[in-house]
Amino acid sequence: MAGVSYRDAGVDIDAGAEAVSRMKAAVRSTFGPRVLSDLGAFGGLFDAGGLTAGGRPVLVASTDGVGTKTKVATALGKYDTIGMDIVHHCINDILVQGAEPLFFLDYVAASKLDPAMIATIVGGCAAACREAGVALLGGETAEMPGVYAPGEFDLVGTIVGVVDRGELIDGAGLEAGDAVIGVPSAGLHTNGFSLARRIFEGWALEATPVGLSVPLGEALLAPHRCYLSEHRSLRAAGIGVRGMAHITGGGLVDNPPRMLREGLAVSLDRGTWSVPPLFELMGRIGQVPDREMARVFNMGIGMLFYVAAADTDDALRALGPDAVRTGEIIARPGAPVVVFEGEA
């Protein structure tokens, strides 16, 4: 047979090199004095000396993806915010245990590398990292024809943070009567998109449905909110956070009890916050039962903070005007669950 090249097989090495070249400045802009390596190294280097004042540093790591939100970005040809999504998602996941983020790594894979698209995605990652003071330490871009359909891509992130063992948030101090404070989401964040796309199948993403103030595609792509500043505000105010819940996959049903021990439950009053119009539209159009909506989507609440009842007012002031007391920790026999007010 005639000789074939890697490009003939669907992989363009030059396109990968160009993508890296385009993203170098954005990635380097996240480096601080602890970063000891540069782009192109086989592994990223981060100086871990003296990470916590208490002298008992615990590293906290998490890996996640943005799921099928990528298909909405592809349909609109809009890639500038999805990198922010994955950084914010990962920061929030380790924040729940009290960790300050240190560095982040991204993984972008596609059927065919488009250097401009990849640079835009990674540029979004870099922008989110800069804002949070996180080093974008490295990553991978992979061209995988035959694995991903033409025009499709995947985005995954890994983050590493640190918390002193004495400040680790693990829910051990939670007790009945503690307040549950919710901070709003900015939209769907990065979960529930398979159901959302099913509900809106055939809808024009550029059109603005009745009830929404922005086009449907813009509403779906609203970036995942980061709650790092809110947590820092609580710490600065001297408020001890006893537990947290990032409302991701599993929604308001599966996430709130994850830090609770047996014999405790989370009681949430859904009348304490306004459900955003996008969720109401999905529930109505898709005829999705209320319980299913609450298990798939965040329903307008992106993060829950659990604090002592006596700290409620101070915590609300520290968190800002959009925070609201959404419920409390209650005693309830058996495994931890969420109880919505009015349910048995």
Next on the checklist: Going by what's in this entry, would Val72 be described as crowded, with 19+ Cβ neighbours inside 10 Å and modelled with pLDDT under 95?
Outcome noted: no
Item to check | Condition check for Gly43: more than 30 Å from Gly173 (Cα to Cα), modelled with pLDDT under 80 and either hydroxyl-bearing (Ser, Thr, Tyr) or surrounded by fewer than 17 Cβ atoms within 10 Å (Cβ to Cβ) (or both) | outcome: yes
Checklist outcome for this item: When the stretch 270-308 is checked residue by residue, the ones that are within 21 Å of the chain's Cα centre (by Cα) and basic (Lys, Arg) are Arg295
Checklist entry - Restricting the search to the stretch 146-168, which residues are under 22 Å from Glu18 (Cα atoms), surrounded by 15 or more Cβ atoms within 10 Å (Cβ to Cβ) and touching a residue at least 60 places away in the same chain (Cβ under 8 Å)? => result Glu152, Phe153, Asp154, Leu155, Val156, Gly157
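Could you list all residues from the stretch 152-174 that are part of a strand (DSSP E or B) and of a type in the set (D, E, K, R)?
Passing the criteria: Asp154, Asp164.
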Checklist outcome for this item: When restricted to Ala110, Ala48, the only residue closer than 21 Å to Leu221 by Cβ, in contact with a strand residue (DSSP E or B) (Cβ under 8 Å, 6 or more places away or on another chain) and modelled with pLDDT under 95 is Ala110
Checklist entry - So which pairs qualify, if the first residue must be in the stretch 264-276 and assigned by TED's automatic domain parsing to the domain that holds Phe305 and surrounded by fewer than 20 Cβ atoms within 10 Å (Cβ to Cβ), the second must be basic (Lys, Arg) and modelled with pLDDT of 95 or more, the Cβ gap must be under 8 Å, and the two must be at least 6 apart or on different chains? => result Thr272/Arg325
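The values are calculated or read from the model by the stated rules, or taken from the named source; none is laboratory data. Worth saying up front: this structure is predicted, and the values here are computed from it rather than measured. Glycine gets a Cβ as well: all are built from the backbone with ideal geometry, and neighbour counts include every protein chain shown.
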